[in-house]
Amino acid sequence: MCGLSLIYAYHSVAPEPSERELLRTREHMRTRGPDDQGMWFSADGRCAIAHRRLAIIDLDHRSAQPMVSRCGRYAIVFNGEIYNYRELREELLREDLELHTESDTEVLLELFAKYGIAAFSRLTGMFAVAVRDEREKTVWLARDTYGIKPLYYADDGWTLRAASQVKALVAGGAISGDPDPAGMVGFYLWGSVPEPFTLYQEIRAVPPGHFVKVGALGPETPTPFMTLESLYQGVGVGGLKEGAIRKAVLASVQRHLVSDVPVGLFLSAGIDSSALLAAIHALDQERARATT
């Protein structure tokens, strides 16, 4: 869990991003990322991004964010984990691309530099990401297909702001606190706020499996890069046999065990956490040790 924040003054007469606002937003998410921090301003001063890091992959400071691509064109802030980053990293190395870290962040960044938005559909993992394109003067926001990692943005017609938390955006001090009736009604009806709504009129969630391009005219309509329907296309009712389900669970758990820090599992009385522990034990008995 990390925290990202972004301010992009896309309108020509909008004031440049405030470092003070950026810091207020970032530091409101300190508990999301206690291990490192950073900020970056574009060459034209119109875009600023910041990050609080919880180090999971490549604990070295070299993997701190924001991170700039080898070509210098792109800058990224990222929250989440890319489970197939090692395979993607090997692919990039085979193409004689020099990588300077062991992080999934650098892999995602260089993959975007190479493939653009097509890179998102190649990822297996959970992620919320903001990328600045210095050449095109655009910003890209994207969120994983299941919507595991949160990403919110607000647009006032002049400046776009994005962050990992609604409260962090509000803490920046530049967003109206006017309530959103749809968000309020949803909360009282279902006990949670239905996306893309939030409790604030100006703040919306990036939909799962979508990206939002932000250019000189502001944010475009969210566009899907992958849907749950496409993931399960061709799998009918009863199409998964017991052996296939076990294989899929083991493969998923194995990907989740990729980490440079200890991995913990909270146990409940339910069958789900017990099944996960059994899978961990089957894959790596040394890591399946109970602690209190």
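The values are calculated or read from the model by the stated rules, or taken from the named source; none is laboratory data. Here the structure is a predicted model, which means the values were calculated and not measured. Heads up, the Cβs are rebuilt from the backbone with ideal geometry, glycines too, and the neighbour counts pull from every protein chain shown. Just so you know, the surface numbers come from the protein's heavy atoms only, side chains and all, with ligands and any DNA or RNA stripped out. Shrake-Rupley method; radii C 1.70, N 1.55, O 1.52, S 1.80 Å.
So the values come out like this:
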{"item": "Selection within segment 57-99 - of a type in the set (Gly, Ala, Ser), open to solvent by 20 Å² or more (accessible area, probe 1.4 Å) and more than 16 Å from ASP260 (Cβ to Cβ)", "result": "GLY72"}
{"item": "Residue list for segment 136-185, filter: more than 26 Å from GLY215 (Cβ to Cβ) and open to solvent by 20 Å² or more (accessible area, probe 1.4 Å)", "result": "TYR146, ILE148, LYS167, ALA171, GLY177, ASP178, PRO179, PRO181, ALA182, MET184, VAL185"}
{"item": "Selected residue (only one of SER230, SER176, SER192 is modelled with pLDDT under 95 and assigned to a helix (DSSP H, G or I))", "result": "SER230"}
{"item": "Single match in GLU110, GLU102 (criterion: touching a helix residue (DSSP H, G or I) at 6+ places or on another chain (Cβ under 8 Å), surrounded by 22 or more Cβ atoms within 10 Å (Cβ to Cβ) and either more than 21 Å from ILE148 (Cβ to Cβ) or among the β-branched types (Val, Ile, Thr) (or both))", "result": "GLU110"}
{"item": "Where THR105 falls short, out of the listed (1) closer than 30 Å to ALA248 by Cβ; (2) modelled with pLDDT of 95 or more; (3) assigned to a loop (DSSP other than H, G, I, E, B); (4) of a type in the set (S, T, N, Q)", "result": "(3)"}
{"item": "Qualifying positions in segment 197-215 - open to solvent by less than 10 Å² (accessible area, probe 1.4 Å) and closer than 20 Å to GLY186 by Cβ", "result": "THR198, ILE203, ALA205, VAL206"}
{"item": "Every residue from segment 9-68 that is more than 16 Å from the chain's Cα centre (by Cα), over 28 Å from GLY157 (Cα atoms) and β-branched (Val, Ile, Thr)", "result": "THR31"}
{"item": "Complete set of residues in segment 1-52 that are assigned to a loop (DSSP other than H, G, I, E, B), hydrophobic (A, V, I, L, M, F, W, C) and buried (at least 19 other Cβ atoms within 10 Å of the Cβ)", "result": "CYS2, ALA9, MET29"}
{"item": "Number of the condition not met by ARG70 [criteria: (1) within 27 Å of LEU92 (Cα to Cα); (2) part of a helix (DSSP H, G or I)]", "result": "(2)"}
{"item": "Checklist (1) part of a loop (DSSP other than H, G, I, E, B); (2) under 29 Å from THR221 (Cα atoms) applied to TRP140, failing item", "result": "(1)"}
{"item": "Scope segment 57-100; condition more than 19 Å from ARG143 (Cβ to Cβ) and among the acidic types (Asp, Glu); matching residues", "result": "ASP58, ASP60, GLU87, GLU90, GLU91, GLU95, ASP96, GLU98"}
{"item": "Subset of segment 130-170 (residues that are within 29 Å of LYS114 (Cβ to Cβ) and among the aliphatic types (A, V, I, L, M))", "result": "ALA130, VAL131, VAL139, LEU141, ALA142, ILE148, LEU151, LEU160, ALA162, ALA163"}
{"item": "Residues being under 21 Å from MET126 (Cβ atoms), free of Cβ contacts under 8 Å to residues at least 12 places away in the same chain and touching a Phe, Trp or Tyr at 6+ places or on another chain (Cβ under 8 Å) - total across segment 177-224", "result": "1"}
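For every residue, the table says whether it meets (1) of a type outside the set (Gly, Ala, Ser); (2) in contact (Cβ under 8 Å) with a residue 40 or more places away in the chain; (3) assigned to a strand (DSSP E or B).
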| residue | (1), (2), (3) |
| --- | --- |
| VAL77 | yes, yes, yes |
| GLU87 | yes, no, no |
| GLU91 | yes, no, no |
| ASP96 | yes, no, no |
| THR101 | yes, yes, no |
| GLU110 | yes, yes, no |
| PHE120 | yes, yes, no |
| VAL131 | yes, yes, yes |
| GLU136 | yes, yes, no |
